[in-house]
Amino acid sequence: MKLPPLHWLAVAAVVVVGVVAVAASPTTANGPAAAAPSEDDDDDVGGGGGLDGVFPFRAIQLYNTVAGYLEYIFDIVIAPITGGVSNKKQVTSRVSYKKFQIIRVLPSDEDEVLDLEAMSEEPGVQVWMPIRLNKTADLVLPPSVARDVKRFLTQREINFVVLSSDLERSISKQNPKSPSLNQKSELKATKGHVMTWNRYHRYQDILDYLMYLSENYPHLVELLPIGKTIEGRPLKVVKISSGQTRENVVKPAIWIDAGIHAREWISPAVALFILRQLVENKSYRTLVSEIDWYILPMINADGYEYSHTVDRLWRKSRRTAANKSGRTLWDTSYGCEGVDLNRNWDWHWAGVGASQDPCSETFAGSHAFSEPETRAVSDFILDHRDRIQVYLTLHSYSQMWLVPWSHTKKLADDYDDMMYLARQATEAIQKVHGSQYQLGTTPSLLYTTSGCSDDWAKGKAGIKYSYTIELPDKGMYGFLLPAEKIVPTGKEIFTGIKSIAKSILKINSMKEKTKLIG
């Protein structure tokens, strides 16, 4: 946390640091303990904020707490008198992850799990993959604590490896440079749109592509506006249908959504790839003639745009916090905006794995369906639940095919039915490029959580085959999967979804035959 640029406040902060450092220094019966050996690590620039040796996490926490109160005092007492402003991080400028590190840890006992969980609560630390016994977890460390964290892990003999020594450099490599205006004009002239599958596009490009499909394939594509985001961006479901149907037979429908978490860029890109295959590739006309498709390629449009313009790792929506928790200091600070849209659904809302703290990345909102994005999607699905037989939501990362439930370790009554279709899908996926997707419930493979869309789709909307698909990879790139992986990933997932669609058609055919026999 940066402190206000006033001399007296800076001095106060230095005094605080000195007191905390002295109080926190490890000692022995004969005096201060020997300093920990230094690391030969050129990437540890500014580790520990200039405080060498092992700096206990409680001391870091104390420092940040005191610094926060000093900043608060300045903002409400000094600033109104002097006209000054605190040096609080302004979100109008782009967030830099220069020298941030990604480490992978492997806790081997419960004590190590507890140590890592305590460490993950430190300011600036992000948990990309959950901390579990005998499972790897990915953590993002700011440069201010990276060196101390790694020393802490070394002293505790907790296995870890550095995946990235400069996260900003990794971010810069993910997406190719945006085409020039001339290049965009040429693309639009030749293709009718600027959408490609070799880069991650902005939301306006996505909307333009949807409009292009509806205008050029009016016999197949219909755009259905279902609402707007908190910042007023339109949410449009793409209905793909041939309109053909047999007499007295209601066509089944499959729902696909993506982009509920802003930083997971691969998910909307894959949804758009699937959309292109169904509409522009004539090879799949049978799938369209036998099944109707509802695809929402972007739920969290506000957060997605924010992840492009301000903070690449932003996860939540962009609702402005309104002191919902009754806190007095941090409700309006950076990171306290937004709601985790995958904790906002009316199914065991605000239970395990969801937070009621606006500053948490898993903040569930003020109440179930408090957000216009989730409310719009849920209303649409409920209006069409008599036809939607499959619910698919695309996320990243970890390469998993997840089945409900998420809120409990108890298996659903029809768990075997869901697993049978999902197993066929993952086996089909593996045949494309050899990619292996883990298959199971969220608690068995990741963590227990509540208020999720797939649980709601099954529990409330009554959609039997509801799945969350966690896209690649397994952690080499994490949320920063290079754009060159869009097409390979899209081909795999579309193959898996085709398997699900064919299974649904077979199931429906068997039901019809049974009715005729009966």
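The values are calculated or read from the model by the stated rules, or taken from the named source; none is laboratory data. Everything quoted here is computed from the prediction, not taken from an experiment. Here the Cβ is made from the backbone with ideal geometry for all residues, glycine too, and neighbour counts use every protein chain on show. Heavy atoms of the whole protein, side chains included, go into the accessibility calculation; ligands, DNA and RNA do not. Shrake-Rupley method; radii C 1.70, N 1.55, O 1.52, S 1.80 Å.
Over segment 343-480, average the accessible area per residue using a 1.4 Å probe and give it in Å², no decimals. The partial results should precede the final answer.
Working: 5150 Å² over 138 residues.
Using a 1.4 Å probe on heavy atoms only, each residue of segment 343-480 averages 37 Å².
Classify segment 251-299: rounded, prolate or oblate, from the alpha-carbon gyration tensor (a ≥ b ≥ c, eigenvalue square roots; a/c under 1.5 rounded; otherwise prolate if a/b is larger than b/c)?
Oblate is the answer for segment 251-299, as a/c is 1.5 or above yet b/c matches or exceeds a/b.
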>> I'd like the distance between the alpha-carbon centres of segment 232-284 and segment 171-205, rounded to an integer number of Å.
In response: 21 Å
> What residues of segment 138-165 lie in the reach of a label at Leu106, counting those whose backbone N is under 16 Å from a point 7 Å from the Cα along Cα→Cβ?
Replying inline: 138-139, 154, 157-163
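Classify segment 103-248 from the C-alpha gyration tensor, please: rounded if a/c falls under 1.5, else prolate or oblate depending on whether a/b exceeds b/c.
prolate
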>> At 1.4 Å probe size, with the rest of the protein present, what percent of the exposed accessible area of segment 331-437 is carbon and sulfur atoms?
In response: 45 percent
>> Quick check for you: with a 1.4 Å probe and neighbouring chains kept, what is the accessible area per residue of segment 244-308, in Å²?
In response: 28 Å²
> How much net charge surrounds Ile299 when only the other residues with a Cβ under 9 Å from the Cβ of Ile299 are counted, with Lys and Arg +1 and Asp and Glu -1?
Replying inline: -2
> Expressed in whole Å with the largest first, what are the equivalent ellipsoid semi-axes of segment 404-472 derived from the C-alpha gyration tensor as the square root of 5 times each eigenvalue?
Replying inline: 22, 13, 11
> For segment 233-305, what is the charge dipole size about the Cα centre, in debye to the nearest 20, if Lys and Arg each add +1 at the Cβ and Asp and Glu each add -1 at the Cβ?
Replying inline: 200 debye
